[in-house]
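Novice: Structure incoming, see below.
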Amino acid sequence: MDTLAPALAVEVSRTAERPRVARLCAHCSLPVTGGSDAAPDVELYCCGGCALARRITGGLAGDSAAAGMLMAVGLGAFFSMNVMMLSFVLYTGGHEADRLAGEAWVRWALLGLATPSVILLGAPFVSRGLRGGRRLLLDTDVLIVLGVGAAYLISAWSVFAGRGPLYLDTACGILLFMTIGRYLEAATRARTTDALGRLARSMPTEAWRIASFGEERVTIDRLEASDLVRVRPGERLPVDGVIREGEASVSEAEITGESTPVHRRPGDTVSAGTLNLDGALVVEVLRRGADTTLARIVRIVEEARLGRYPLAALVDRVSAKFVPMILLVAAATLAYWTLTLSPGAGVLNALCVLLIACPCAIGIATPLAAVAASGRAASSGILVRAGETFERLAKAERVCFDKTGTLTNGEPRVTAFILAAADDEDARVLSLAAALERSSEHPVARAIVRYAANRGVMPADVTGFRAVPGRGASAFAHGLELRLGTAAFAGVPPAAETPGATSVYVSLDGRLLGRFELQDTPRLSAAPAVRELGALGLPSEILSGDNPAAVSTVAAGLGGIRGSGGLTPEEKVARLAAGADRGDAVIMVGDGINDAPALSRAAVGVTLEGGTDLARELADVTILGGDLTRLPWLIRLSRATLRVARWNLFWAFFYNLAGVSLAVSGRLHPLFGALAMIVSSLVVVLNSQRLSRLPLAGNEARHD
Amino acid sequence: MTELWVAAALTFAASAHCLGMCGGLMVTVAARGKRPGALRDFLLLQLGKGTTYAFLGALAGLFGATVTASATFVWSTRALTVLAALALAGVGVTLLGLRSGTVSAWGGSLAPLWARLFGPLLQARPTGFPLVIGLAMGFFPCPLVYAGLAAAAVTSSPGLGALTLAGVALGSIPALALASAATNFAARSERSAWRNLVTRAAGALLIVMAAVTLSRAMPGGHDHHAGAPPAASAPAMDHSAHQHH
């Protein structure tokens, strides 16, 4: 909570530039400033609270280290509570209290109780403060050490001198409240940002490798490509690979956010971290460890956290002036109260100004919102490359879609099968067609084979397969020549086609057996996505290179969407650029290859991925699993994120201004300053936690 | 010192309740057969718990003093007394068994946090660890502590508030000592009839206390409390607020 975000660690130099952010906190996953020079295997923490929380809740240190830290904090708390209790009694005055306050032994007792407390609780602040001080970084730890140190030394002097003010309860109380407050904040914050950890934890560390003598349990790093591993029902896949034996329902929720399991057969690819629900599988290793899709997802989400955050420009602008201003105000407070009342009052009130104005809440206000949102998005199978993207998504006004492969499945599917002779059998013709197309890799062939398989038709026996590129394929069945392809190739007259569809003809010895109609069908999720976007106030448009007729067919099928066809990639970019010049913030949804220029020109580029192979360069947003309805969900999440970030920021500044005014006027005791500061940070954390409670995509209550 | 003994006596009367809530923990921390140092650990635990209680009591007293010192102190003192009486009565009703659920539900939701925080201490058992455990235990939700805090607020004095809660800590010691001495005791007494009976008697006693407290808030009622005549505490608080400036 102190050196969290660049905005709050102030370099005491004239440049108000953000220090380079390069690492994430080992406990709460927020960025750590100035971590780039640390060794990669050293765990870094953004604040003392996270360091404490990590050690206590079993991070790297063993039980004894955690116990030692607990003892230190606990004993510190014990002494602090006694100091405060005794001081309360003295404050309320009355005969008894005044008599007690006059007694030397009471003062010595207070000092005796306070000293171990200050040492035990103050040590972590001193060590962190020294580190910050060396880098000339004026963070909260330095301020606390200075303020508490001054309060303690003035009191100690009073005890030795036998007269003068005592601020021992203040010194102990600030340390105790800050320690406990930071711990609480760190613990809560880690819950907000933990989605990533859940992803990483679903990765198994060991696998059953099939060897010549049987099976052996090996760690993942000992596996090599093309090794075979056995995955039993109920186990998570340890690697990315191809199924060689067995079938199973696989839950890919960790990767795609899709909770419905998918059926996987031999030849299908599967991803590490997904869950084998019910089948025994033998999987050939393609990638393991850090190369797997899941590891890449985790890395992308982590990298996103290092980038800029929503409202960053605003935060930068204000913080650049805010912190020097606060330092001036604190100095002025110190001078004023020292001159008019006493040095003690000066130190206390200046300390209170610094404690209240500590920009912790400002620093975490927007990163925390974005990190919570990115975790939530990742759990729904959406990768967002930078925190700032949420701001642009929330402010978007229009959505443009590519057609082929985005609004449509990108692969032809058999939409009709028409027999030539009414008395012929479906199954006989289908089995012949499937037999012929089985040997072909053409998309049309794949569509026909799948169509036959879905109807339970087994391919017939054919011989002498021959493919004629661009026209069709032929073979012999029972000595007769079987042809499948264009009407001319099949040697039959063309039939009247449905608009937008492609026909493929099957003939046996020149006699027409039947005809397939194939179409690139819209994704099931396309129509609801367009409808939901419209409800969110975002009109949709198709920008496609395909012919205008095909585009208007798709547009008519979806409804509520405008269509422009026949565009070259350059024209798509020009369209987006024209929109951008008018001040339109446009989201472009397309595939990462053909649409790359358009994606980069749009305010936000969105790509869809199959979900099992993250091969492509990523756009700003990648929706894994290809469900388009995730887009409106993401818009809603982004708008909520921006709302939370704005509210956090407003609260942080409002609280600071109010608190500083009270502190300057000497109306706020530093103890309450410390408490208020913790409360303000907790308010920001709890407010951001609302984002973690938003329903995941696909689990929302549907209105229709 | 009256506050201390009254609170101790009342808590002792109600301390069958402590067996259920804290008895198990006593056994975990302090009683490991006839282990040497078991007595020391038990006392450290009580010291830690007592410190937290007294600290909370001082805070409650400070709160009471602040309220009484405010401009409209007659009414605010009266409101404070009524609230405290209601709190006492509420705890009494809970002990009578007429109202249940809330307190134990709270304790249940704290359990995982407790385990996460103090697991390392209970495993490593460094010297003096029961003190820290006791300190944390003092913050456990407990109806007897709530009753004590209500009474402490009415004293309108941090010192008397601390003494009241120290009394609560003191009063619970015999029962807890019994629990840690006889490991099976707590488990057996859990269901025993006498435990219910004693707890209910304490509940009834608290309700009587509440009635007495309430009568003081009534117009014409007189504050026969020794601790904090409002006239004296008003300037006292003034002193505290400006101590540092």
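Novice: Where in the range A:406-514 are there helices (runs of 4 or more DSSP H), lying fully within it, with 1 or more residues that are within 30 Å of A:Ala598 (Cα to Cα)?
Specialist: Details: elements: A:426-437, A:443-454, A:487-490.
Where helices (runs of 4 or more DSSP H) fall fully within the range A:406-514 and carry at least 1 residues being within 30 Å of A:Ala598 (Cα to Cα), they are A:443-454.
Novice: Residue by residue through the range A:257-290, note down the ones that are under 18 Å from A:Pro204 (Cα atoms) and either open to solvent by 10 Å² or more (accessible area, probe 1.4 Å) or assigned by TED's automatic domain parsing to the domain that holds A:Pro695 (or both).
Specialist: Selection gives A:Thr269, A:Leu275, A:Leu277, A:Asp278, A:Ala280, A:Glu284, A:Leu286, A:Arg287, A:Arg288, A:Gly289, A:Ala290.
Novice: Another one. State the number of residues belonging to the range A:585-619 that are at pLDDT 80 or above and in a loop (DSSP other than H, G, I, E, B).
Specialist: Result for the range A:585-619: 3.
Novice: All but one of (1) open to solvent by 10 Å² or more (accessible area, probe 1.4 Å); (2) within 18 Å of A:Ile174 (Cβ to Cβ); (3) at pLDDT 80 or above hold for A:His669; state the number of the condition that does not hold.
Specialist: Among (1) open to solvent by 10 Å² or more (accessible area, probe 1.4 Å); (2) within 18 Å of A:Ile174 (Cβ to Cβ); (3) at pLDDT 80 or above, A:His669 violates only (3).
Novice: Still on this structure, I have one more. Going by what's in this entry, would A:Val684 be described as among the aliphatic types (A, V, I, L, M) and open to solvent by less than 10 Å² (accessible area, probe 1.4 Å)?
Specialist: Working: among the aliphatic types (A, V, I, L, M): yes; open to solvent by less than 10 Å² (accessible area, probe 1.4 Å): yes.
Spelling it out, A:Val684 is indeed among the aliphatic types (A, V, I, L, M) and open to solvent by less than 10 Å² (accessible area, probe 1.4 Å).
Novice: Something else about it: A:Ile220: touching a residue at least 60 places away in the same chain (Cβ under 8 Å), closer than 17 Å to A:Glu254 by Cβ and in the same structural domain as A:Thr269 (by TED's automatic domain parsing), yes or no?
Specialist: Details: touching a residue at least 60 places away in the same chain (Cβ under 8 Å): yes; closer than 17 Å to A:Glu254 by Cβ: yes; in the same structural domain as A:Thr269 (by TED's automatic domain parsing): yes.
Yes.
Novice: Within the range A:406-425, work out how many residues are open to solvent by 10 Å² or more (accessible area, probe 1.4 Å) and within 50 Å of the chain's Cα centre (by Cα). Steps first, please.
Specialist: In the first step, residues of the range A:406-425 are kept if they are open to solvent by 10 Å² or more (accessible area, probe 1.4 Å); the result is A:409-425.
From what's left, within 50 Å of the chain's Cα centre (by Cα): A:409-418.
The number of residues fulfilling the criteria is 10.
Novice: Would you mention how many residues in the range A:208-256 are hydrophobic (A, V, I, L, M, F, W, C), part of a loop (DSSP other than H, G, I, E, B), open to solvent by 30 Å² or more (accessible area, probe 1.4 Å) and over 10 Å from A:Glu284 (Cα atoms)?
Specialist: 1
Novice: Can you work out which of the residues in the range A:178-206 that are modelled with pLDDT of 80 or more and open to solvent by 50 Å² or more (accessible area, probe 1.4 Å) is farthest from A:Leu694 (Cα to Cα)? Step through it out loud before you land on a result.
Specialist: Residues of the range A:178-206 that are modelled with pLDDT of 80 or more, as a first pass: A:178-180, A:183, A:204-206.
Filter again for open to solvent by 50 Å² or more (accessible area, probe 1.4 Å), leaving A:180, A:205-206.
Working: A:Ile180: 29, A:Thr205: 31, A:Glu206: 34 Å.
Only one residue fits best here, namely A:Glu206.
Novice: Does at least one position in the range B:122-140 carry a residue that is more than 10 Å from every other protein chain (Cβ to nearest Cβ), surrounded by fewer than 23 Cβ atoms within 10 Å (Cβ to Cβ) and under 16 Å from B:Leu45 (Cβ atoms)?
Specialist: So far as the range B:122-140 goes, yes, one or more of its residues are more than 10 Å from every other protein chain (Cβ to nearest Cβ), surrounded by fewer than 23 Cβ atoms within 10 Å (Cβ to Cβ) and under 16 Å from B:Leu45 (Cβ atoms).
Novice: Within the range A:328-379, track down each residue that is surrounded by fewer than 18 Cβ atoms within 10 Å (Cβ to Cβ) and more than 14 Å from chain B (Cβ to nearest Cβ). Steps first, answer last, please.
Specialist: As a first pass, look at the range A:328-379 and keep what is surrounded by fewer than 18 Cβ atoms within 10 Å (Cβ to Cβ): A:328, A:331-332, A:335-336, A:338-343.
Matches in the range A:328-379: A:Leu328, A:Ala331, A:Ala332, A:Ala335.
The values are calculated or read from the model by the stated rules, or taken from the named source; none is laboratory data. Predicted model, so just to flag it, every value in this text is computed and none were measured. Every residue, glycine among them, receives a Cβ derived from its backbone with ideal geometry; neighbour counts consider all protein chains shown. SASA here: full protein model, heavy atoms, side chains in, ligands and nucleic acids out. Shrake-Rupley method; radii C 1.70, N 1.55, O 1.52, S 1.80 Å.
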